[in-house]
C-alpha cells in the first residue's frame, strides 16, 4: 500500500510516496479482531512463511510458526507481515526512486527512526481496517518495533511478544554497528550510496559482506562455533598454504548469501534505526515508557545470546506492567536462537494467544 | 641482532637476513641465570617499559611491572623483550627490505608460524648467552609463544606464566581474524600488500582501522562499554543528525591510534600466526604437547575475557604437569585485563619467581 500523505519524520522533514509491501496469511475477521502483526529483523522481509519464489529469494524465516494448525494458526488468525520502511524487499527504501522518479534515493535517503517505521505501519493497520492487533510479535530489530507499537499505540496492541530484543540499543550494539557501517561506506563500490547504476558485481559487495561477517559472529555463540567447526580446514584446503579454515568458509558463505539478496544502503539505514532505538527517548525515560504498555506481554531472551544479553529482556519484563517473568529460550545458537528454536517460540505464542 | 643463517620455516623454505630487535633492562648474571623473557601481544613491541620516545611511539605496555623494586625487579633480573618476527618495530617483517635490498617484502613476505618466531627467539637467547630463562611470560599472542617456548625447549624454561592465552586458536578467534584480515585486504590502499611507496595517507589505513575496531570490541567487555559509554552522544554531536555516540568516538580514537603506529601487513602476518597456533600440531595433539612442559607454571585468565574464555586457560592448567590450579584475574576490562590489572599480574609473577 502507498501512504496517502508524506510521512512526517521524527527528526524533521517528511518522506513522500511511502510504499509498504506486506504479505498476509489467513482471513481477516469482519471486525479485524483476529489480526496478528509479525515484525521482521534486520535482514528479514515480509516473506515470513512459504517457500522461496520469484521476488522472495529465501524461504519464510518463520515458516514453522505460521500456517494451518501452527502456533500462528492461519485457519484462525489473519497474519500480516510488512517489509520495514527503509528495507529493500518492496517497501520504500534507499533503492526506491526519488519523488522525481528519475533516480533512486541512494545516499540521499533521509535519516529515519523506528518510530517513523511504526508510524508507517500504523497507517497500514488503518488501511487494512485493523483497530487492534490480537498480537504483535517480533525478535531483535522486529522486537524493537513491536515494543514501539505497544508503547506508542497501547490501545491497538492486545498482546505483545518480545524476543531477543532491547528497550534501547547498548554501547556494544552501537560499537558493532559502527564497524559494520564503516566497512560498507569505505568500500570504493559504495560511492556515497549512489551505486545503483554500477555494473554487475561493482557494488559495495565486499563491504556488505564484511559487515555481515561481523554481524554473523555476534549472532551466534562461541561454544556453537567451537563444536561445529573447531580448527577443521575447509575440505582439502590447507590453511597453512593459503587455504581456509571451515569457519572461514562458513562466514564467506553467509556473506555471499546476504550480498546477493540485500541492499547495502538499506543495511546502513536499518542499522542506524537500531542504534537510535531508545523507547524512553522524549518519554521521560525507559521506565516511564514501559509503563505505557497495556498489552498482555511476554518477554523472552536466548540464554546464549551475547548481542542482546538477557539483562536487556529482564529490564523489559520488569518494567512492562503485568509482564510475566522473563522467559529464557534455551539454545546454543546465540541471538539467532529466536529464529531457530521454533518450538520454544511457538509455545510462547500459544501461551499468549490463550491468555 | 641478525641471525647468521637463513631461518628455516615450518611450512617450507627459509627466511634470510632475519633481524630481531629487542630491549633489555637490568644486568645479566655471569651465568645468565637471571634472565626473564617477556613476549608481547599482537600490537605490542619490545618497549615493555619506559616512556614513549623516538622509535617507540607508546609508553611501555607493562611499565608498572618492570623496573627496580617492581615484580620484574631489574635490580635482580635481566629482562629481555624482543619484537616478534613479522612485526613492525625493528624486527624483520613485511616492511623490511627483501634480500635484494631494493624494495620491501610487502605482500611477498612468506607465511610464518609461531614456531618460526620462537625458533628466531631461540637464536637470540643463544646470542645473549642465556641457556635457560628464569621465567618466560606472555599474554594473548605472547602467551602462545611463551607456551611454544616451554613445549619446544623445555630445558630452557625454568618458569612459565601464561596469561589470557590458549593452546590453539578457536573457531571464534579465527572467525574474528577473518573479518579483520578481509577488511585490510579489501582496502584499495592495500594493493596486495605493496603499499609502502604510497603517498602519505594513501595506505590501507581505513581497513586497518576497521580491523582494530573489531578487535578492540572483542578485547573489552559488554558491561564495561555499557558503564563507560552507554548511549551518551560524543560531546555536542547529535547521533540523530550525523553525529556519533561516545562509544563510536572511542573506537575511532583507537583505530586512529593504531593506524599511526602499526603496519597493516604485519597485522595480517601476525594474525595469521595466531590462527595457525596449535601447540599440539605434529606432536600427537594438545595433551601430549602440554606434557612436555617441565617449567614451574602458572596459568591465568581474565574473568570477563570473551575472546580467550577461561576454558582455554583451564585446558592449559589441567594439561601442563604440575601447573597449579587456574588463576583468575578479576577485571571488567575483558581480554585487555592482562595489560591493565598490573597488581594481580605482578602478584602472579612474584609467586612464580619465589617458587
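The values are calculated or read from the model by the stated rules, or taken from the named source; none is laboratory data. Fair warning: this is a prediction, and the values are worked out from it, not measured in the lab. Cβ coordinates were reconstructed from backbone atoms using ideal geometry, including for glycine residues, and neighbour counts include every protein chain displayed.
Within the set of pairs 6 or more residues apart or between chains, which connect a residue that is at positive phi inside the stretch B:220-243 to a residue that is at pLDDT 95 or above with Cβ atoms less than 6 Å apart?
What qualifies is B:230/A:171.
Going by the structure shown, is residue A:90 within 19 Å of residue A:270 (Cβ to Cβ), assigned to a loop (DSSP other than H, G, I, E, B) and out of contact with any helix residue (DSSP H, G or I) (no Cβ under 9 Å at 6 or more places or on another chain)?
yes
Looking only at residues in the stretch A:1-24 that are without any contact (Cβ under 8 Å) to a residue 40 or more places away in the chain and not in a loop (DSSP other than H, G, I, E, B), which one is surrounded by the most Cβ atoms within 10 Å (Cβ to Cβ)?
In this case the residue turns out to be A:14.
(1) within 14 Å of chain A (Cβ to nearest Cβ); (2) in contact (Cβ under 8 Å) with a residue 12 or more places away in the chain; (3) crowded, with 16+ Cβ neighbours inside 10 Å; (4) touching a helix residue (DSSP H, G or I) at 6+ places or on another chain (Cβ under 8 Å): which one isn't true of residue B:265, the others all being true?
(1)
Residue B:316: out of contact with any strand residue (DSSP E or B) (no Cβ under 9 Å at 6 or more places or on another chain) and more than 30 Å from residue A:109 (Cα to Cα), yes or no? Write out each step before concluding.
Numbers: out of contact with any strand residue (DSSP E or B) (no Cβ under 9 Å at 6 or more places or on another chain): no; more than 30 Å from residue A:109 (Cα to Cα): yes.
When the stated conditions are applied, residue B:316 does not pass them.
Would you check if there is a residue in the stretch B:169-180 being in contact (Cβ under 8 Å) with a residue 40 or more places away in the chain, out of contact with any helix residue (DSSP H, G or I) (no Cβ under 6 Å at 6 or more places or on another chain) and away from every other protein chain (no Cβ under 12 Å)?
For the stretch B:169-180, residues in contact (Cβ under 8 Å) with a residue 40 or more places away in the chain, out of contact with any helix residue (DSSP H, G or I) (no Cβ under 6 Å at 6 or more places or on another chain) and away from every other protein chain (no Cβ under 12 Å): absent.
For the stretch A:104-206, give me every one of the helices (runs of 4 or more DSSP H) that falls completely inside it and has 2 or more residues that are closer than 27 Å to residue B:224 by Cα.
A:141-152, A:171-185
For residue B:287, all conditions in the list (1) touching a helix residue (DSSP H, G or I) at 6+ places or on another chain (Cβ under 8 Å); (2) within 9 Å of another protein chain (Cβ to nearest Cβ) hold save one; what is the number of the exception?
(2)
So which of B:150, B:158 is surrounded by fewer than 23 Cβ atoms within 10 Å (Cβ to Cβ), more than 14 Å from chain A (Cβ to nearest Cβ) and in contact with a strand residue (DSSP E or B) (Cβ under 8 Å, 6 or more places away or on another chain)? Show your work before the answer.
Values: B:150 fails: surrounded by fewer than 23 Cβ atoms within 10 Å (Cβ to Cβ).
Just a single option satisfies the conditions, and that option is B:158.
Applying the selection to the stretch B:46-59, what residues are out of contact with any strand residue (DSSP E or B) (no Cβ under 7 Å at 6 or more places or on another chain) and either buried (at least 16 other Cβ atoms within 10 Å of the Cβ) or touching a residue at least 60 places away in the same chain (Cβ under 8 Å) (or both)?
Step one: list which residues in the stretch B:46-59 are out of contact with any strand residue (DSSP E or B) (no Cβ under 7 Å at 6 or more places or on another chain), which gives B:50-59.
Residues satisfying the conditions are B:56, B:57, B:58.
Evaluate the following for residue B:270: is it under 17 Å from the mean Cα position of the chain (by Cα) and not in a loop (DSSP other than H, G, I, E, B)? Before the answer, list the steps.
Working: under 17 Å from the mean Cα position of the chain (by Cα): yes; not in a loop (DSSP other than H, G, I, E, B): yes.
Answer is yes for this residue.
Taking residue B:251 as the residue in question, decide whether it is facing chain A (nearest Cβ under 7 Å), within 21 Å of residue B:58 (Cβ to Cβ) and at pLDDT 95 or above.
Yes, satisfied.
Of A:265, A:275, which residue is touching a strand residue (DSSP E or B) at 6+ places or on another chain (Cβ under 8 Å) and either in the same structural domain as residue A:118 (by TED's automatic domain parsing) or not in a loop (DSSP other than H, G, I, E, B) (or both)?
A:275
Can residue B:322 be described as touching a strand residue (DSSP E or B) at 6+ places or on another chain (Cβ under 9 Å), at pLDDT below 95, more than 10 Å from chain A (Cβ to nearest Cβ) and in a loop (DSSP other than H, G, I, E, B)?
Numbers: touching a strand residue (DSSP E or B) at 6+ places or on another chain (Cβ under 9 Å): yes; at pLDDT below 95: yes; more than 10 Å from chain A (Cβ to nearest Cβ): yes; in a loop (DSSP other than H, G, I, E, B): yes.
So residue B:322 fits the description; yes.
Return the only residue of B:27, B:58 being in contact with a helix residue (DSSP H, G or I) (Cβ under 8 Å, 6 or more places away or on another chain) and assigned to a loop (DSSP other than H, G, I, E, B). Steps first, please.
Working: B:27 fails: in contact with a helix residue (DSSP H, G or I) (Cβ under 8 Å, 6 or more places away or on another chain).
Just one listed residue meets the conditions, B:58.
Counting just the residues of the stretch A:102-125 that are under 27 Å from residue A:288 (Cβ atoms) and free of Cβ contacts under 8 Å to residues at least 60 places away in the same chain, which one comes out surrounded by the most Cβ atoms within 10 Å (Cβ to Cβ)?
A:118
Any residue at all in the stretch B:219-238 that's buried (at least 19 other Cβ atoms within 10 Å of the Cβ), touching a strand residue (DSSP E or B) at 6+ places or on another chain (Cβ under 8 Å) and at the interface with another protein chain (Cβ under 9 Å from one of its Cβ atoms)?
yes
Here are some conditions: (1) within 11 Å of chain B (Cβ to nearest Cβ); (2) within 30 Å of residue A:114 (Cα to Cα); (3) under 25 Å from the mean Cα position of the chain (by Cα); (4) touching a residue at least 12 places away in the same chain (Cβ under 8 Å). Residue A:189 meets all but one. Which one does it not meet?
(3)
Would you mind stating whether residue B:64 is crowded, with 24+ Cβ neighbours inside 10 Å and in contact with a helix residue (DSSP H, G or I) (Cβ under 8 Å, 6 or more places away or on another chain)? Give the derivation first.
Values: crowded, with 24+ Cβ neighbours inside 10 Å: no; in contact with a helix residue (DSSP H, G or I) (Cβ under 8 Å, 6 or more places away or on another chain): yes.
For residue B:64, the condition - crowded, with 24+ Cβ neighbours inside 10 Å and in contact with a helix residue (DSSP H, G or I) (Cβ under 8 Å, 6 or more places away or on another chain) - is not met.
Any idea how many residues of the stretch B:192-210 are free of Cβ contacts under 8 Å to residues at least 60 places away in the same chain, more than 9 Å from every other protein chain (Cβ to nearest Cβ) and within 16 Å of residue B:180 (Cβ to Cβ)?
Going through the stretch B:192-210 one residue at a time, the tally reaches 2.
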